[in-house]
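Written out below as structure tokens is the structure these notes cover.
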Amino acid sequence: MDVLDLTRLQFAVVTIYHYFFVPLSISLAAVAAGLEIAWLRTRRERYLDLTKFVGKLLIVTFAVGVVTGLVQEFQFGMGWSAFAKFYGDVFGPTLAIEGMLAFFLEATFLALWYFGWDRLPRLLHAATIVIVSLGTVLSAFIILAANSFMQNPIAYALDPTTGRARLTSFHELLLNKVNLAAFPHTLAGAAMVGGALLLAIAVWRLAAEPAHRTLARLGAWLMVAGGAMTALTGDHLGKVITEVQPMKMAAAEALYETTKGAPFSIVTTGPPFPSFSLDIPWLLSILAKGSPGATVQGLDDLQAQYAAQYGPGSYIPMIPVAFWTFRLMIGAGMLAAAIAAYYLWRTRKNRDAPTWLTRWLPLIPVLPAAANTLGWIFTETARQPWIAFGISKVADGISPGLTSGEVLASLIGFTVVYGVLAVAWFRVIRHVSRQPLHPAETPSEDSAEPAPVY
Amino acid sequence: MITFWFWIVVLAWVLFFVLEGFDFGVGVLEPLLGRDDHERGAIVRTIGPFWDGNEVWLVAAIGVTFAAFPAWYSALLSGLYLPMAGLLLLLAVRGVTLEFRGKGPDAAWRRRCDLFLALSSGAIVLLWGALLAVFVQGLALGPDGSVRGGGLSRSLDPILTPAAALGAAAALFAALLLGATFLALRTTGPVRRRARTLARWLGTGGAAVLVLAGIAMSSRLVLAAAAISLAAGMLARNGREALAFATTALAVAGAVVAVLTAHGHVVLPSTLNDSWSLTMTAAAATPTALTLLTEFGVVILPGVLAYQAFSYVVFRRRVASERVPS
């Protein structure tokens, strides 16, 4: 592998890893805020216990999100300094404002909330977690705006003297139509994975803690609602992407020829296997353009068009990756939502879920987490060869002078350390979940948790 | 406008090094000043509510550097690729041990976290010290603002110099003094006693070394640092803990300002050719971006300072390190 591929791989590894913890933090913060408000309104002890429990999951997850998010802030300069310089005017302020506006809020108020149970008046205490939750959502919005620029560059002008992108309007940058479509889709995906974690833990601990029933059903509802929202918002996002990056949607279906009334295949096999395709007629046209008879542009036509527009070269992304990540994303997400809906049905009116279901449910977070990851792999790889669509290629963004030895060394370092962190995170989550929800002794003076803490 | 943003960048770095400086110092001192699990827990609790907010100043500092001076950000981070990657890994380990320590299964888990906390905190401080020395010394910047070279040595060589070693030693000393005075200020009981003693010995001992170094290098800055170190040591001895901490913090702030303004309008000197050095104007973003940053920064940053100050007020009570008789 050359230095470019290594640097891309490293970016993928650290970003995908970071993104396991981001949607969890977004949804757990919102759930903790909701539970604390429920406690304030009803004064039911069960809600207080669950708030504190979700708070522990949140703080452990948030910590990993913070330290891996820091890496993102540095990555653009370390590995992609040519891109950082070219695009610094657009991306720099976006990152800086995200840090100042959202990240500070999250970090400071999460600490105030977590350690402040006996230091702050109740309403102010509840306000701190609401602020954390708003901070996470704001963070997501601003970061997605930066990514949306790469998908659909707007609100910039190329400076004739420096050749760099110059920001022309920040609010236009934020209100990029890709962002307006991707933001709700991302939040819905976050709700699913957070809901899945709560469902998994609650079902696992249900026998020991009857109060977990509330959490299990809440988690399942989040998954079902999130699943419905991902479908609706995903449909809209698909249409926007067809408009701004027709190549991406053509790659998602491996549609080589421009087709009127294009079908969508559920599975396809090719050599070395016998050719087979299970198609749903007209579905691709509906997904892409909203009408069964609409014409969807094919890869070959788009390639010819881009070669004429941007010069010779291949503008076709990796087709099998685009094809399968897109399908598996939808499949994993919808399967997760269906399982959650089935759980809700079987546990209606205080019934118990069947044993086979509760035995397998603790594995449920794998599905929405996979869907989120596959979605991002699709979004980013099917934009290739562009780093910012139509204006800058990935190969032009890498830091000049960077050596493959350096990137290989850092890639190994990140992989090893991140692997250890994942194991530690899992062990802590497991241990925290095993603790009794309602502590027998009252918490000590200086801590939010029963002794021994720290 | 460019100068204004340069000073905002300096301010963000100063706040990062002062605020995280003390919690790095506390991290190194945790297994040394805490004799048992209970005392070590108390030490971690002094920074528990703060370290994360402090670390966001690094996000802010690097983010503002990127936003206001994209070429400076690009040259520093790509030219110092491996040290920066190492720093990020160490910060990851440290942040996670701080947060996971109290939530693991048993005492062995906590002991392992203590060890990783101290080692990673110490390594981070040493690395930052070396990096700050490189900020002053400069990098082998070519005409395009990039550092060329082969293999791992391209970005490792800059931190393997005598100046970088001095920077590392100075940073460790500063972080230990900050950490010791902070612990003396924030605890009661045996940890407070030990922290005071350590601050006293570090302050006076450090002053002696610094005086010799200052004379040898005939540097007024180093002699000033010696005077401050002595003052902090004496203040800690006399029980003026808040003043001892404030003095040390002020000295660290001064040192960071001195590093970042060492070459006036040159933000990063080239060691190859003076004309390839990166100047403030050449590194700056366009006026549009700076105006946008100003509009947001003027509103947001005072708010951040206010609510962070509020969190220090909420958690102002000292942490007890003595055992409560049961």
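Bear in mind these aren't lab numbers, they're just calculated from the coordinates by the rules spelled out. Note that the structure is a prediction, hence the values are computed from the model and not measured. Note that each Cβ is placed from the backbone with ideal geometry, even for glycine, and that neighbours are counted across all protein chains shown.
In table form, for the structure just shown:
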{"item": "B:Ala227-B:Thr281 FRET efficiency (beta carbon distance; Förster radius 35 Å; 0.05 resolution)", "result": "0.45"}
{"item": "Computed helical MRE - 222 nm, chain B, DSSP H runs ≥ 4 contributing -39500 (n - 2.57), nearest 500", "result": "-26000 deg cm²/dmol"}
{"item": "Built amide H within the under 5 Å cut-off of B:Leu278, gap 5+", "result": "B:Val267, B:Leu268, B:Ser270"}
{"item": "Average beta carbon contacts from partner chains per residue of A:159-171, 10 Å cutoff", "result": "2"}
{"item": "Footprinting exposure proxy for A:Lys52, A:Lys289, A:Lys349 (fewest neighbouring C-beta atoms within 10 Å first)", "result": "A:Lys349, A:Lys289, A:Lys52"}
{"item": "Between helix B:162-186 and chain B: long-axis angle, C-alpha atoms, 0 to 90°, nearest 10", "result": "40"}
{"item": "Extension reserve of the A:Trp360-A:Ser314 stretch, reckoned as 0.36 nm per residue once the Cα distance is removed", "result": "12.1 nm"}
{"item": "Contour excess over end-to-end distance, with Cα ends at A:Ser404 and A:Thr42 and 0.36 nm allotted per residue", "result": "124.4 nm"}
{"item": "Rounded D (µm²/s) - the range A:246-316, Kirkwood Rh over Cα pairs, Stokes-Einstein at 10 °C, 1.306 mPa s", "result": "124"}
{"item": "Unsatisfied cross-links (Cα-Cα over 27 Å) in the set A:Lys177/A:Lys393; A:Lys56/A:Lys177; A:Lys260/A:Lys393; A:Lys85/A:Lys177", "result": "A:Lys56/A:Lys177; A:Lys260/A:Lys393"}
{"item": "Principal axis dimensions, largest first and in whole angstrom, of the range B:201-326 by Cα", "result": "64, 46, 22"}
{"item": "Chain B: most fluctuating residue of B:Ala255, B:Ala213, B:Ala123 per GNM, C-alpha cutoff 10 Å", "result": "B:Ala213"}
{"item": "Radius of gyration and Dmax over the Cα atoms of the range A:78-148, both given in Å", "result": "15.8, 50"}
{"item": "Whole-Å distance, taken between Cα centres, linking the range A:216-247 and the range A:125-148", "result": "19"}
{"item": "Translational diffusion of the range B:2-319, µm² s⁻¹ [Kirkwood Rh, Cα pairs; Stokes-Einstein; 37 °C; 0.692 mPa s]", "result": "161"}
{"item": "By average C-beta atoms within 10 angstrom, highest first, the peptides A:86-94, A:140-148", "result": "A:86-94, A:140-148"}
{"item": "Cα-projected label distance for A:Glu243 with A:Arg348, points at 7 Å along beta-carbon direction, nm", "result": "4.0"}
{"item": "Projected area averaged over orientations for the range B:18-166, convex hull of C-alpha atoms, nm²", "result": "10.0"}
{"item": "Qualifying aspartates and glutamates (Cα of each under 20 Å from Cα of A:Lys52; at least 8 residues distant if same chain)", "result": "A:Glu36, A:Glu106, A:Asp118, A:Glu209, A:Glu441, A:Glu445, A:Asp446, A:Glu449, B:Asp52, B:Glu99"}
{"item": "Cα long-axis angle, helix B:241-260 against chain B (0 to 90 degrees, to the nearest 10)", "result": "20"}
{"item": "B:Tyr307-A:Ser277 pseudo-label distance in nm [points 7 Å out on the Cα-to-Cβ vector]", "result": "5.2"}
{"item": "Chain A: calculated mean residue ellipticity at 222 nm from DSSP helix runs of at least 4, using -39500 (n - 2.57)", "result": "-23500 deg cm²/dmol"}
{"item": "Overall dimensions of the range A:301-419 as given by Cα atoms, namely Rg and Dmax in Å", "result": "21.5, 65"}
{"item": "With at most 13 other Cβ atoms within 10 Å, longest stretch of chain A clear of loop GluC sites (Glu not before Pro) (DSSP)", "result": "A:1-256"}
{"item": "Chain B: angle of helix B:107-137 to the longest principal axis, Cα-based, in degrees nearest 10", "result": "30"}
{"item": "From phi via Karplus (6.51, -1.76, 1.60), per-residue ³J(HN,Hα) for the range B:294-310 in Hz, x at Gly/Pro", "result": "5, 4, 6, x, 4, 7, 7, 4, x, x, 4, 4, 5, 6, 5, 4, 4"}
{"item": "FRET E, pair B:Val136, A:Thr258, Förster distance 45 Å, beta-carbon r, rounded to 0.05", "result": "0.15"}
{"item": "Proxy reagent accessibility, fewest Cβ within 10 Å first, across B:Arg186, A:Arg166", "result": "A:Arg166, B:Arg186"}
{"item": "Inverse mean reciprocal Cα-Cα distance (Kirkwood Rh) of the protein assembly as shown, Å", "result": "27.7"}
{"item": "Ascending count of other beta-carbon atoms within 10 Å, so fewest first, for B:Leu98, B:Leu82", "result": "B:Leu82, B:Leu98"}
